[in-house]
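Just below is one structure, and these are the notes that go with it.
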């Protein structure tokens with residue numbers, strides 16, 4: 001088993017004739033994903049890598065019974081692509097496109113939900129369930145079939161973490177990048193819930209970064225509802241202090257959004273936080289031996305982690321702590 | 001992206017929000033002319049992208065046009081927190097009975113726009129929020145339904161009791177909410193919203209931040225970017241589609257992906273070094289971007305070693321390698337360059353770089369340690 005995607009996943013690629021779309025459609029197909037269709041308006045009745053191309057999502061779904069879509073269209077058209085997929089009856093919409101306006105997503109996310117569908121992203125690498133299916137851009141060479149679930153807000157950092165697990169002999173059930181934008185369709189909690197219920201997942205790796213308070217909220221959810229072992233990594237301990245978003249930013253943020261606060265919240269509920277992605281499998285193996293969420297030698301783990309990770313930077317960060325530096329969290333737009 | 005107060009004022013005014021009359025001046029003479037035309041006492045306000053400009057002496061009251069000229073002379077060219085004042089906003093000075101606050105921001109936790117109002121507006125609004133949060137009233141708006149008139153009215157009643165003022169304020173809140181959507185704002189703010197002895201309600205200071213991702217459909221706002229307010233290297237980086245933030249350390253970092261770039265910086269610090277910068281070359285990178293990244297980092301005199309960390313997915317390692325070669329051909333770096341390339345077309349990249357015998361490492365941690373040791377920092 002796995003979460004969100006499996007052998008039954010039938011994928012339609014939105015924007016299949018573009019540079020990224022065609023390349024990754026082929027990559028997915030090579031990996032064994034059931035890519036049944038592509039959509040580019042005006043390019044119907046053609047083929048890309050042997051995949052039939054349709055003009056509309058409606059037609060693609062009617063003809064191929066696709067249940068999942070992946071979006072590679074440019075940011076100006078991505079929001080519309082999401083609506084089109086939801087209206088065509090797609091159950092899982094993965095939006096890889098980065099640079100989608102946040103305010104567009106404020107409306108699109110509830111709309112997709114109202115259609116009974118799930119949106120992953122935007123600005124995300126997508127998902128891969130090793131030896132079953134890949135939807136998105138995650139490099140398939142770094143994964144290995146196994147029972148660790150990986151959730152991340154990042155792209156390449158996710159690869160780094162997966163690669164560290166694979167090298168240490170820890171395979172994955174599903175790896176999912178939920179995207180680094182402010183407004184996203186699927187959050188940590190949706191994934192934690194799914195991994196908790198997935199019999200093929202024995203342990204979870206959660207990768208966060210500065211900004212917002214999703215990690216803090218996830219920590220609280222894990223304390224209450226997750227019995228499987230969880231380890232974490234948070235990027236941005238040395239991120240420069242935020243240029244505040246006017247007065248409103250300071251007022252609304254409540255929590256500071258710093259790595260330090262997130263690490264504190266996670267460690268408080270017994271989730272070990274790695275100092276480096278390489279340390280993730282080490283911590284996870286320790287936890288999986290005991291089979292429990294909380295570390296058996298809690299004090300020791302905590303002590304070493306705190307010393308290693310927050311000791312040097314904590315003072316500086318906290319004295320300058322404010323809303324996160326937006327520049328550092330925003331990934332540049334693709335041309 | 002932040003726009004200046006005078007630019008936000010233009011946008012707010014166009015949307016029908018009442019603002020005091022005024023104009024922008026770049027010379028004392030222009031300030032004189034604007035004040036003379038208004039024929040009333042005026043406020044001279046420095047246009048810089050920093051908070052607390054009033055406390056820094058960047059906002060002054062002038063009784064008449066002569067005084068406006070003298071004060072504009074003082075403020076123009078003034079340094080406020082490292083930024084030089086090049087423009088001043090000259091507006092009619094109005095008598096103030098009360099000061100309120102209105103702000104709208106995207107709240108990522110609830111994934112809704114939140115409207116915040118307070119009758120305790122003015123320069124100390126942050127202190128108000130910290131010490132007496134009950135004085136800040138919040139409304140989370142359903143983005144699909146939009147803001148209903150009764151909701152705006154209820155918020156207005158938190159600020160005023162008098163019916164005509166409530167009506168005017170309610171109207172301002174509705175219009176501000178519209179602006180939030182129309183320009184892809186991440187923040188719109190009026191602080192203070194004042195009432196006058198005549199019962200008028202006016203927006204005295206306007207703030208607008210626009211989502212960078214929305215700028216493609218707001219060319220007029222994109223053109224408002226103030227390049228003077230930004231670091232030269234950061235401008236160069238943005239033009240090359242790189243994301244760069246200069247820091248104070250001495251290990252230059254070139255990475256693909258924001259999360260991995262932050263992680264690389266974190267590990268530099270963790271192993272005893274100091275990162276010189278954040279630099280994300282982004283997704284599908286061409287060699288030219290890598291070359292520009294090298295130029296930017298080599299121009300930083302603090303840099304003692306460069307660490308290139310690429311985990312290829314969309315990014316192809318051979319593209320990056322070609323960029324490194326081009327940068328080396330252009331100017332041989334005088335500092336050690338540690339290269340760690342993993343993922344897509346990794347072996348091709350190693351072949352391209354083999355002639356240069358650059359120090360390398362298998363893992364990120366090992367690469368970071370090597371860069372620190374080669375930098376010769378104890």
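What follows is calculated from the coordinates using simple rules that are stated; it is not laboratory data. Bear in mind that the values here come from a model prediction, so they are computed numbers and not experimental data. Here the Cβ is made from the backbone with ideal geometry for all residues, glycine too, and neighbour counts use every protein chain on show.
Here are some notes:
- Shape category assigned to the range B:231-375 from the gyration tensor of Cα positions, a/c cut at 1.5: rounded
- Take every DSSP beta bridge whose two residues both sit in the range A:1-142; close to 30 percent of them are antiparallel.
- Reducing the range B:134-195 and the range B:273-313 to their Cα centroids gives an inter-centroid distance of 44 Å.
- Each residue in B:61, B:177 was given a count of other beta-carbon atoms within 10 angstrom of its own, and listing them fewest first yields B:61, B:177.
- Folded to 0 to 90 degrees: helix B:5-14 orientation relative to chain B principal axis, Cα: 60
- Helix content alone sets the calculated 222 nm mean residue ellipticity of chain B: runs of n ≥ 4 DSSP H residues at -39500 (n - 2.57) each, divided across all residues, give -11000 deg cm²/dmol.
- Between residue B:40 and residue B:142, the modelled labels are 4.2 nm apart [label points 7 Å from Cα along Cα→Cβ].
- Taking B:74, A:224, A:289 and counting other C-beta atoms within 10 Å, the order from fewest to most: A:224, A:289, B:74
- Modelled FRET efficiency - R0 22 Å, residue B:55 with residue B:95, Cβ distances, 0.05 increments: 0.50
- The mean number of partner chain beta-carbon atoms within 10 angstrom of a residue's beta-carbon across peptide B:42-51 is 1.
- Peptides ranked, highest mean first, by Cβ atoms within 10 Å: ranges A:177-188, B:17-28, A:93-104: A:93-104, A:177-188, B:17-28
- Rounded FRET efficiency, nearest 0.05, which uses the C-beta distance separating residue A:220 from residue A:23 and R0 of 56 Å: 0.90
- Computed from label points 7 Å out along Cα-Cβ, the spacing between residue B:220 and residue A:6 is 5.4 nm.
- R0 of 60 Å, Cβ-Cβ distance residue A:91-residue B:360: FRET efficiency to nearest 0.05: 0.85
- Look at A:276, B:354 and count the other Cβ atoms within 10 Å of each Cβ; fewest to most, that gives B:354, A:276.
- The long axis of helix B:258-270 is offset from the longest Cα principal axis of chain B by roughly 70 degrees.
- Annotation: the antiparallel percentage among DSSP beta bridges lying fully within the range B:231-375 is about 20.
- Between helix B:364-375 and chain B there is an angle of about 90 degrees, using the helix long axis and the longest principal axis of the Cα atoms.
- Distance between the C-alpha centres of the range B:1-46 and the range B:63-79: 14 Å, rounded to the whole angstrom.
- The mean number of Cβ atoms from other chains found within 10 Å of a Cβ in peptide A:202-209 is 1, as a whole number.
- Expressed to the nearest 5 percent, the antiparallel share of DSSP beta bridges inside chain B is 75 percent.
- Each label was represented as a point 7 Å from its Cα along the Cα-to-Cβ direction; for residue A:141 and residue A:56 these points are 4.2 nm apart.
- Across chain B, the relative contact order, built from alpha-carbon pairs under 8 Å that are at least six residues apart, equals 12 percent.
- Amide N of the range B:12-26 lying under 15 Å from the label point, which is placed 7 angstrom from the Cα of residue B:84 along Cα→Cβ: B:26
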